[in-house]
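Just below is one structure, and these are the notes that go with it.
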Amino acid sequence: MGCLLVVLALLLPRVVMVFIWLLTNWFQAVFKTLLWPILGFLFMPYTTLAYVAAMLNTGGNIAGGWLVLIIVAAVVDVGHWGHAGRYHRRRRVVI
């Protein structure tokens, strides 16, 4: 079951975030306010999921492999922003 959650998180991170929010209290355990999960849902879903996993598994002391996971997730999220901008610049408007 755990592997299925990881595979779904890689394919559909926002859907997994909604299921985690509905079925668990992980976001309440990690974040003090609702602002950061909402911003993470909108702008950086992979980084938010990686941060939640790191905080829950380390007890708040992020180091080593968990830190690398968060950095890789942030690079992937920012990479999606760049790819979307390049796609819109290449599109041609046919009149």
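Just so you know, in the range 51-77 the residues that are free of Cβ contacts under 8 Å to residues at least 24 places away in the same chain and surrounded by 14 or more Cβ atoms within 10 Å (Cβ to Cβ) include one that is nearest to F19 (Cα to Cα), and it is A53.
Filter the range 36-65 down to residues that are part of a helix (DSSP H, G or I), over 14 Å from the mean Cα position of the chain (by Cα) and more than 13 Å from W26 (Cα to Cα) and give me whichever is modelled with the lowest pLDDT.
Our first condition is that a residue be part of a helix (DSSP H, G or I); within the range 36-65, this holds for 36-43, 45-58, 65.
When the remaining residues are screened for being over 14 Å from the mean Cα position of the chain (by Cα), the result is 56-58, 65.
Cutting the leftovers down to more than 13 Å from W26 (Cα to Cα) gives us 58, 65.
Values: T58: 88, G65: 91.
Filtering the range 36-65 for residues that are part of a helix (DSSP H, G or I), over 14 Å from the mean Cα position of the chain (by Cα) and more than 13 Å from W26 (Cα to Cα), the one modelled with the lowest pLDDT comes out as T58.
Residue check: A29 meets all listed conditions (1) closer than 20 Å to V76 by Cα; (2) exposed (fewer than 12 other Cβ atoms within 10 Å of the Cβ) but one, namely (1). Against the conditions (1) outside any helix (DSSP H, G or I); (2) at pLDDT below 90, K32 satisfies every one except (2).
The values are calculated or read from the model by the stated rules, or taken from the named source; none is laboratory data. What you are looking at is a predicted structure, and each value in this text was computed from that prediction instead of being measured. Glycine also receives a Cβ, built like all others from the backbone with ideal geometry; neighbour counts cover every protein chain displayed.
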